[in-house]
1. Looking only at segment 76-99, decide whether some residue is at pLDDT 75 or above and either of a type outside the set (Ser, Thr, Tyr) or more than 19 Å from His20 (Cβ to Cβ) (or both).
2. From the list Met161, Met142, exactly one residue is farther than 16 Å from His20 by Cα and touching a Lys or Arg at 6+ places or on another chain (Cβ under 9 Å). Which is it?
3. Checking Ser10 against (1) assigned to a loop (DSSP other than H, G, I, E, B); (2) surrounded by fewer than 20 Cβ atoms within 10 Å (Cβ to Cβ), only one condition comes out false. Which one?
4. Criterion first (of a type in the set (Val, Ile, Thr), closer than 23 Å to Ala118 by Cα and either modelled with pLDDT under 95 or touching a His at 6+ places or on another chain (Cβ under 8 Å) (or both)) does Ile168 satisfy it?
5. Just to check your reading of the model, which residue among Val145, Val119, Val139 is modelled with pLDDT of 95 or more, surrounded by fewer than 18 Cβ atoms within 10 Å (Cβ to Cβ), among the aliphatic types (A, V, I, L, M) and closer than 21 Å to Pro97 by Cβ?
6. Among the residues of segment 93-122, write down those that are closer than 13 Å to Glu157 by Cα, part of a loop (DSSP other than H, G, I, E, B) and out of contact with any Phe, Trp or Tyr (no Cβ under 7 Å at 6 or more places or on another chain).
7. Could you please find all residues in segment 29-58 being surrounded by fewer than 20 Cβ atoms within 10 Å (Cβ to Cβ) and of a type in the set (Gly, Ala, Ser)?
8. Out of Gly172, Gly155, Gly188, Gly197, which single residue is in contact (Cβ under 8 Å) with a residue 40 or more places away in the chain, within 24 Å of Arg21 (Cα to Cα) and small (Gly, Ala, Ser)?
Amino acid sequence: MTDTVVVIYSGGMDSFTLLHRARARGLKVHALSFNYGQRHVRELDVARSVCVDLDIPHKVIDIRAMNEVMSGSALTSGDAIPEGHYEEENMKATVVPNRNMILLSLATGYAVTVNAGAVWYGAHGGDHAIYPDCRPEFVEKMDAVCRIANYEPVGIEAPFMHMSKGDILAEGLKLKLDYAHTWTCYNGREEACGLCGSCVERLEAFAENGLADPLAYEAGR
């Protein structure tokens, strides 16, 4: 087995923790990020900065042209970002059609190129209610397909699949990670909104761990 992995790295706190988990286990990491037209594209700037500091090979792939065939999400359109918790029905507006299947397929090709044995991504238990491509059955089937799609088998792994955001943060804190070097908010403004599903879940995770979030939030949040 190769000791190299490709980590899909968005710049958010889950993939940030995942990146460091792989490094802590002595794995050689190749970080892969995607510009799919997300309004919170500033997360990619955060990802670049972290990878430079850690001296991790990092590629950002521009797939914005694919929006013509995977449109309809508030994350890539001019529609308002819904507010509230991920378990609320209105959060389905943040689903990008077939996003993770596309990203994992591209990451699998990259894994073959760099001789990596697996692709890791940060799907977790809190995603299950809204995002079908973050559920265990999706990961299991993608893993099975990617192991036979090339001459070289590539596994698909979601190490946080059965963990909450609070659990992920707790793991990162044990690794002494600084979450000021992440971006979570779905709105691409100067400060985090504190109201979108991503912000709400992040703030809950910090509260669960008895800490204040190091990110700046808009007034009154």
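The values are calculated or read from the model by the stated rules, or taken from the named source; none is laboratory data. These numbers were taken from a predicted model, which means no experiment stands behind them. For neighbour counting, all protein chains shown are included, and Cβ atoms are generated from backbone atoms with ideal geometry for every residue, glycine included.
1. Checked against the condition, which is being at pLDDT 75 or above and either of a type outside the set (Ser, Thr, Tyr) or more than 19 Å from His20 (Cβ to Cβ) (or both), segment 76-99 yields at least one hit.
2. Working: Met142 fails: touching a Lys or Arg at 6+ places or on another chain (Cβ under 9 Å).
Result of the check over Met161, Met142: Met161.
3. So Ser10 meets the others, but not (2).
4. Details: of a type in the set (Val, Ile, Thr): yes; closer than 23 Å to Ala118 by Cα: yes; either modelled with pLDDT under 95 or touching a His at 6+ places or on another chain (Cβ under 8 Å) (or both): yes.
Considered against the rule, which asks whether it is of a type in the set (Val, Ile, Thr), closer than 23 Å to Ala118 by Cα and either modelled with pLDDT under 95 or touching a His at 6+ places or on another chain (Cβ under 8 Å) (or both), Ile168 comes out as yes.
5. Every option except Val145 fails the conditions.
6. Those that are closer than 13 Å to Glu157 by Cα, part of a loop (DSSP other than H, G, I, E, B) and out of contact with any Phe, Trp or Tyr (no Cβ under 7 Å at 6 or more places or on another chain): Ala116, Gly117, Tyr121.
7. Those that are surrounded by fewer than 20 Cβ atoms within 10 Å (Cβ to Cβ) and of a type in the set (Gly, Ala, Ser): Gly37, Ser49.
8. Gly172
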